[in-house]
1. Being without any contact (Cβ under 8 Å) to a residue 40 or more places away in the chain and part of a helix (DSSP H, G or I) is the filter; apply it to the stretch 313-351 and report the residue that is surrounded by the fewest Cβ atoms within 10 Å (Cβ to Cβ).
2. Keeping to the stretch 213-234, report how many residues are surrounded by fewer than 17 Cβ atoms within 10 Å (Cβ to Cβ) and either within 16 Å of residue 271 (Cβ to Cβ) or within 26 Å of the chain's Cα centre (by Cα) (or both).
3. Just to be sure before I move on: is residue 196 in contact with a helix residue (DSSP H, G or I) (Cβ under 7 Å, 6 or more places away or on another chain) and in contact (Cβ under 8 Å) with a residue 24 or more places away in the chain in the structure I sent?
4. Which of the residues spanning the stretch 199-237 are assigned to a helix (DSSP H, G or I) and of a type in the set (Phe, Trp, Tyr)?
5. Somewhere in the stretch 283-305, is a residue of a type in the set (Phe, Trp, Tyr), in the same structural domain as residue 236 (by TED's automatic domain parsing), over 15 Å from residue 249 (Cα atoms) and crowded, with 24+ Cβ neighbours inside 10 Å?
6. Scanning for something in the same structural domain as residue 109 (by TED's automatic domain parsing) and more than 17 Å from the chain's Cα centre (by Cα), does the stretch 195-205 turn up at least one residue?
7. Just checking, which of 324, 316, 331, 349 is touching a strand residue (DSSP E or B) at 6+ places or on another chain (Cβ under 9 Å) and acidic (Asp, Glu)?
8. Among the residues of the stretch 178-198, which ones are buried (at least 18 other Cβ atoms within 10 Å of the Cβ), in a helix (DSSP H, G or I) and small (Gly, Ala, Ser)?
Amino acid sequence: MIYENDFESAYKKQWRIQTMIKVKDIAKKCNVSIATVSKALSNSSELKPETIERICKTAKEMGYVPNASARMLKNKRSYTIGVLFVDATGTGLKHEFFSSIFDSIKLAAEKKGYDLTFISDSSHGTQKMSYLDHVRYRNIDGVVIASANFKSQEIIDLVNSDIPTLTIDYVFNDSTAVLSDNADGLGTLVNYAAGMGHKNIAFIHGEVTEVTNKRIAGFYKAMQDNKLKVNENWVKTGDYHDPKTSGKITKELLKDRFDMPDCIIYPDDVSLIGGMTAIEQMGYKIPQDISVIGYDGVNISRILRPVVTTYVQASEDMGRIACEKLIERIEKESTFIPEVIKVKGHLQEGNTVSKK
């Protein structure tokens, strides 16, 4: 029988073994240089994958645990990436589009040996901290600004500081940005609806942001390209991720059965649910009487019946690219060149658009 003191003694013994294992011990065991072991443990592209695998496996078997403090002192980095996410919709990390991006950032960061943390302007003690102060207080190496009021002074101060930053769906001068193809995405949906024979297309968009402005522009351009007239009364301002508001607007669009659209494009797939409910409550059938189209391509769009016609944003690719580019700037700042990267999505045809 192992008593508590015996367990504690065994634990301390194992802890001593782990802390005693050093890089030079692994190098000796693998018959390689200390530099090679260091590169392998940091997953350096300078080594062959089989060499990295062999050294990492040996390190694990020997009980090696990297010393984070020593690593930070040596490289003057905390190996921590911050994510700034100010959610106006109130859905928080339940927001499917952004949660997919964050999960992808996390996976990409872990592959590079970085941790992920969320930052805020919350108080520390009695003093309220700005985003920039919070980043410096936490010694964060770089920040992905995923959602925020990009015109606020706090965000501008952070972007203009010496902290490496990267923005999603917003472009600052001399800063790297990863963008979804909002204008092209909305254009793709209009082209598809027009190709199915629809001429009377309504568009409920989200609250006015840079993303929304691009989608509105994409809508008007695609309508023009398809030689379709835009009914300005059918271009409505709603809210992202708000089924209640989209349902209310849908009822307004359909109140006159002799002058109503035959297809409605919604700001996102969640808002579309409110529209579908309103359509059914008014006695119409989807897509026989009216076609509906969503945006984002989140999982619920494939679970619903009928399967939703929508534009699938490449959120996983956006998160991965954002993380990789931010780390590249952190680690190679002297040679890094800022760029704007547009990530293309694709159409999910679904079954909510009828053939006219």
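The values are calculated or read from the model by the stated rules, or taken from the named source; none is laboratory data. Keep in mind it's a predicted model, so treat the numbers as computed, not measured. Reconstructed Cβ throughout: ideal geometry from the backbone, glycine too, with neighbour counts over all protein chains shown.
1. 331
2. Residues in the stretch 213-234 being surrounded by fewer than 17 Cβ atoms within 10 Å (Cβ to Cβ) and either within 16 Å of residue 271 (Cβ to Cβ) or within 26 Å of the chain's Cα centre (by Cα) (or both): 2 in total.
3. It is false that residue 196 is in contact with a helix residue (DSSP H, G or I) (Cβ under 7 Å, 6 or more places away or on another chain) and in contact (Cβ under 8 Å) with a residue 24 or more places away in the chain.
4. Result: 219, 220, 234.
5. yes
6. There is no residue in the stretch 195-205 that is in the same structural domain as residue 109 (by TED's automatic domain parsing) and more than 17 Å from the chain's Cα centre (by Cα).
7. 349
8. 183, 185, 187, 193, 194
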